[in-house]
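Colleague: Below you will find the structure I want to go over with you.
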Amino acid sequence: MKLFDVYPINPINIVKGVGSLVYDSAGTEYLDLYGGHAVISIGHTNPHYVKRLEDQLHQIGFYSNSIEIPLQKQLAEKLGQVSGKEDYQLFLCNSGAEANENALKLASFYNGKKKVIAFSGSFHGRTSLAVAVTDNPKIVAPVNETDNVIFVPWCDELALEQTFAANEISSVIIEGIQGVGGIQVAPESFLQKIRSLCDANNAVFIADSVQCGYGRTGKFFSHDFAGVNADIYTMAKGMGNGFPVGGIIISPKILPAYGMLGTTFGGNHLACAAGLAVLEVIERDNLMQNAAEVGGYLITELKKLEKVKEVRGRGLMIGIELSAELAHVRKELLFTHHIFTGEAKPNVVRLLPALNLTKAHADRFLEAFASIISPL
């Protein structure tokens, strides 16, 4: 049997990781500024994280949600404290797509409506509803197509108002910062407009925080910059630092019922241990502050470079837009300077490193990046 070939793969075999550094099978060191799609939030093989998982594995790794799992309650309590959403409710699952799927379904249960507003440039996952609200027809199979989703231009307040006026809207789903869409930051006024329209129409505000949440922007959720609360926040990526964990936190106005949502693996003992370790390290090491400071430093320095068209983002979620003649930059960073970064089409370099990235590692990237775009 061979692998189902759906990923373009770099010929690099990473076998070890420590903090923001990873090493291939030949012993070559790489600086990891991508964290496997924003997944590595507290650094590779963080000692507290490793011990948490190892200790739990020696006790029990899994049992189903048919029994009490105190770790789930501990995770919910800690998440409430660190995020500032202590009156919300937590439902645990396994991935960002699953989180968004459950959020959309829960919203429809809540108000009995079907129509969902999503935005141009959005990416919310690859499962049925999640891919239906994703603005990429190439990955939407015919079976996923639905007329229940209405795409509105990104940050167009008038179009948003008109869509609400013409339809019975169940929910609005929006990334606080679009990741795959090129690190596009949602204006605070636009998020406030969504909140007011949802309130006026009994619609559910879903804040997709899968990539832009968990402290990456300097606040726990990037939507928090707008000073309003969403009804449901979806999470995954950095939630488990590499262990598959996803979740949604739900406003107290949405009441649960048995059978409404369910999962086999979500909230298992190991997943909760991973989730607790991440939150404990974020809190103990002031990683949201570090993300804001080191990210702010990177953004400031990148904006000084003449050949950079635009720098977008907040904290350690950064997009560097380049002109077409600099399309080689990302590959050169990887294969010449041994620095992992991400991309967004057509020509944006994405930085999504661990939240404990040091200024020294930021400088290592800046030096390499500047040498490529402005060689001596």
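The values are calculated or read from the model by the stated rules, or taken from the named source; none is laboratory data. All figures in this text were calculated on a predicted structure; none of them were measured in a lab. Cβ: placed from backbone, ideal geometry, glycine included. Neighbour counts: every protein chain shown. Protein only, heavy atoms only, side chains kept; ligands, DNA and RNA dropped before computing areas. Shrake-Rupley method; radii C 1.70, N 1.55, O 1.52, S 1.80 Å.
Colleague: Tell me, yes or no, whether region 4-19 has at least one residue that is surrounded by 17 or more Cβ atoms within 10 Å (Cβ to Cβ) and either basic (Lys, Arg) or not in a loop (DSSP other than H, G, I, E, B) (or both).
Modeller: yes
Colleague: Quick check: is even one residue across region 190-206 touching a residue at least 60 places away in the same chain (Cβ under 8 Å), part of a loop (DSSP other than H, G, I, E, B) and open to solvent by 10 Å² or more (accessible area, probe 1.4 Å)?
Modeller: Within region 190-206, one or more residues are touching a residue at least 60 places away in the same chain (Cβ under 8 Å), part of a loop (DSSP other than H, G, I, E, B) and open to solvent by 10 Å² or more (accessible area, probe 1.4 Å).
Colleague: Assess whether His328 counts as being on the phi < 0 side of the Ramachandran plot, in contact with a Pro (Cβ under 8 Å, 6 or more places away or on another chain) and either at pLDDT below 95 or open to solvent by 10 Å² or more (accessible area, probe 1.4 Å) (or both).
Modeller: So His328 fails the test.
Colleague: Select, from Asn111, Asn65, Asn100, the only residue that is under 20 Å from the mean Cα position of the chain (by Cα) and not acidic (Asp, Glu).
Modeller: Within the list Asn111, Asn65, Asn100, the selection yields Asn100.
Colleague: Give region 61-96 a look and list any residue that's basic (Lys, Arg) and assigned to a helix (DSSP H, G or I), or say none.
Modeller: Residues satisfying the conditions are Lys73, Lys78.
Colleague: Residues Ala103, Ala107, Ala99: which one is in contact with a Lys or Arg (Cβ under 9 Å, 6 or more places away or on another chain) and touching a residue at least 40 places away in the same chain (Cβ under 8 Å)?
Modeller: Among Ala103, Ala107, Ala99, only Ala107 is in contact with a Lys or Arg (Cβ under 9 Å, 6 or more places away or on another chain) and touching a residue at least 40 places away in the same chain (Cβ under 8 Å).
Colleague: Still on this structure, I have one more. On the basis of being within 18 Å of Leu106 (Cα to Cα) and touching a helix residue (DSSP H, G or I) at 6+ places or on another chain (Cβ under 8 Å), does Val133 make the cut?
Modeller: yes
Colleague: From the set of residues in region 29-60 that are among the aliphatic types (A, V, I, L, M) and in a loop (DSSP other than H, G, I, E, B), which is farthest from Phe335 (Cα to Cα)?
Modeller: So, considering only residues that are among the aliphatic types (A, V, I, L, M) and in a loop (DSSP other than H, G, I, E, B), the one farthest from Phe335 (Cα to Cα) is Ile60.
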